[in-house]
Amino acid sequence: MEPLELEVAVAYWKRAQWLRAAVLDAINGLLSTILLMMGVGAVRKAVKSMILIGIAGTIGGACSMTIGEFVSVYSQYDIEMSQLKRGGWERKMSESEIEEKKKHLPSPLAAAFVVGAVVPLLAAAFIKNYWVRVGVVVAVVSFALLGFRGLSAVLGRAPVVKS
């Protein structure tokens, strides 16, 4: 007799909004930082210059992403709450349902941006030779792009190879 297998129904589409934001933010941090570092590195080949601009870009980008996400999330929230107050939904929601809806808004944290931005910073931090540093940073960032996309596919239960 075969053991019973219980299949748990998971609505992966519910993860889509925060997963998309997290992957987008991580990739944005990764690419923004490497482009700043390479731009400065083309003029000044010193490790300190590349790392300093990478850190400045990380801080500026994280602030930008946090503020942008905050405005976006609460704009969406305001629109949905206005629609609820106008009675545009099939039925009125109770206060507890409204509070529950608030809990499911995406969080305007910049953690994913910083995770992406740290990758080229760490790759460049310990390599003194400029050309070796550039090669390592480009290779590491390329693999990180594949990794972030693969991770999002796994978390969303999408085909990894296609991703």
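The values are calculated or read from the model by the stated rules, or taken from the named source; none is laboratory data. Remember, it's a predicted structure, so these values are computed and weren't measured experimentally. With ideal geometry, Cβ positions are generated from the backbone for all residues, glycine too; neighbour counts draw on all protein chains shown.
Key figures for this structure:
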{"quantity": "Options Val115, Val141; residue that is under 26 Å from Ser72 (Cα atoms) and either in contact (Cβ under 8 Å) with a residue 40 or more places away in the chain or not aliphatic (A, V, I, L, M) (or both)", "calculated": "Val115"}
{"quantity": "All helices (runs of 4 or more DSSP H) inside the range 64-161 with 1 or more residues being more than 24 Å from the chain's Cα centre (by Cα) and at pLDDT 85 or above", "calculated": "130-155"}
{"quantity": "All positions within the range 1-35 that are assigned to a helix (DSSP H, G or I) and either at pLDDT below 60 or not aliphatic (A, V, I, L, M) (or both)", "calculated": "Tyr12, Trp13, Lys14, Arg15, Gln17, Trp18, Arg20, Asp25, Asn28, Gly29, Ser32, Thr33"}
